[in-house]
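The values are calculated or read from the model by the stated rules, or taken from the named source; none is laboratory data. Being a predicted model, the structure only gives us computed values, none of them experimental. We place every Cβ from the backbone using ideal geometry, glycine too, and count neighbours over all the protein chains shown. For accessibility, only protein heavy atoms count, side chains too; no ligands or nucleic acids. Shrake-Rupley method; radii C 1.70, N 1.55, O 1.52, S 1.80 Å.
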Amino acid sequence: VAKNGIQPLRKLYDGKAKAVYETADPDLLVIRFKDEAPGRRRGRSPRPPFPKGVYNCSISAALFRHLEARGVPTHFVRILSDRDLLVRRLLIIPIEVVIRNIVAGSLARRLGLEEGQRLDAPVLEFYYKSDALGDPMINESHVRVMGIATPEEVQQIKETALRINGHLLRYVEQRGLLLVDFKVEFGRRSGSVLLGDEITPDGCRFWEGTARRPAGDRRRRTLGRSARAYRELSRRIAGEPIDDRPPHA
Ligand code: TMP
């Protein structure tokens, strides 16, 4: 850590999957990715520990770099170590933005749709970040009335989230993966809205398959949350770089 001259100092946030620290520079924070806490699966034997934090750190960094290179403003600065990212401090807007390309999870349950069905256009959902309320789904008028974000910010969040989706869809498709759905968060910094938080398999559904080679049955296509799945996602998403420039660039 000292190699970069940047030390994580006071802990600002401590969650299941990551902790966030201040640094000596008030503008810079360190995100430290944690391994799975043991014994979390109720009624089942706990997962053997694996370096999930290392996989999440490398996946998040690879995806943030990719988005930055395509003009999406993010809080990412650089990797500090195998579990630590250096990021710019944002004022997080308390909305979880979920984008869906294929029906799964709560969308299937809520609307009675068949899991695995491709959506004609991406579906964008807002959830209000509140542990006390259990992160309820909200819409733009709730966001406005509650003063969570301005209409201009909401517009920017929607447009950026859809651009992110397009970039990530192509990036993972080239690695044999379908991006079923994912969650992102945004924050404010000197008057603009930036992508913040993390993009890791903790907040994304990846399935095996591509648009041309659709996934097989549910068991084969779902990557799940095992050590093997994280290792494989890390290898494909953050591993050897793939030349993904358009052919005539
Ligand atoms: P869902 O189908 O359970 O609503 O999840 C949709 C996507 O959003 C999925 O990729 C997981 C992600 N997500 C989070 O990262 N955090 C959350 O609190 C929720 C509800 C979803």
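Between Thr222, Thr74, Thr150, where does the largest GNM mean-square fluctuation fall for the chain, given springs only between Cα atoms within less than 10 Å?
Ranking Thr222, Thr74, Thr150 by mean-square fluctuation puts Thr150 first.
Please work out how much length the chain gains when fully extended from Tyr13 to Ser192, using 0.36 nm per residue of separation minus the C-alpha to C-alpha distance, in nm with one decimal.
Numbers: separation 179, 0.36 × 179 = 64.44 nm, distance 2.32 nm.
Length gained, Tyr13 through Ser192: 62.1 nm.
For the range 125-131, just list the computed ³J(HN,Hα) in residue order, Karplus coefficients 6.51, -1.76 and 1.60, θ = phi - 60°, integers in Hz, with x standing in for Gly and Pro.
With coefficients 6.51, -1.76 and 1.60, one gets 10, 10, 10, 7, 6, 8, 4 Hz.
Counting trypsin sites (Lys or Arg not before Pro) as exposed when in a DSSP loop with at most 12 other beta carbons within 10 Å, what is the longest stretch of the chain free of them?
Details: sites that count: Arg10, Lys16, Arg40, Arg41, Arg42, Arg44, Arg212.
In the chain, the maximal stretch lacking such sites is 45-211.
Report the gain in length on full extension from Arg228 to Lys129: 0.36 nm times residue separation, minus Cα-Cα distance, nm rounded to one decimal. Kindly include the intermediate steps, with their values, before the conclusion.
Details: separation 99, 0.36 × 99 = 35.64 nm, distance 3.03 nm.
So the chain would gain 32.6 nm between Arg228 and Lys129.
Can you find, among Gly187, Phe206, Leu80, the residue sitting farthest towards the positive end of the charge dipole of the chain, where Lys and Arg contribute +1 and Asp and Glu -1 at Cβ?
Result: Phe206.
What number comes out for accessible area per residue over the chain if the probe is 1.4 Å? Units Å², please. Working shown, then result.
Details: 13450 Å² over 249 residues.
Computed with neighbouring chains in place, this is 54 Å² per residue.
What residues qualify as long-range amide H neighbours of Asp35, i.e. H under 5 Å apart, gap of 5 or more or another chain, H built at 1.01 Å from N?
Correct list: Gly53.
Suppose every Lys and Arg Cβ carries +1 and every Asp and Glu Cβ carries -1, with no other charges. What dipole size does the chain come out with about its Cα centre, to the nearest 20 debye?
So the dipole magnitude of the chain works out to roughly 960 debye.
Evaluate the distance, in nm, between pseudo-label points positioned 7 Å from the Cα of Arg65 and of Leu111 along their respective Cα→Cβ axes.
3.6 nm
Using only Cα atoms, what Kirkwood radius does the range 130-215 have, in angstroms? Present the calculation step by step, with values, prior to reporting the outcome.
On the way: mean 1/r = 0.0675 Å⁻¹.
About 14.8 Å, per the Kirkwood formula over Cα pairs.
So if we plug the beta-carbon distance of Leu119 and Asp25 into 1/(1 + (r/R0)^6) with R0 = 41 Å, what FRET efficiency do we get, rounded to 0.05?
Working: r = 42 Å, r/R0 = 1.03.
The formula returns an efficiency of 0.45 here.
Please list the non-local residues whose amide H lies under 5 Å from the amide H of Asp135, H modeled 1.01 Å from N, same-chain partners needing a gap of 5 or more.
Sorted by chain and number, the residues that satisfy this are Ser130.
Can you count the Lys pairs in the chain with C-alpha separation below 19 Å, eight or more apart or on different chains?
15
For the range 1-154, take N as its residue count and report Rg(C-alpha) divided by 2.2 N^0.38 Å. Present the calculation step by step, with values, prior to reporting the outcome.
Numbers: Rg = 18.4 Å, N = 154, 2.2 N^0.38 = 14.9 Å.
For the range 1-154, the normalised Cα radius of gyration comes out at 1.23.
Leaving out ligands, DNA and RNA, and with a 1.4 Å probe, what % of the accessible surface on the chain is carbon or sulfur?
Heavy-atom surface of the chain belonging to carbon and sulfur, 1.4 Å probe: 51 percent.
Show the residues, 5+ positions off or on another chain, whose built amide H is closer than 5 Å to the amide H of Ile92.
Arg188
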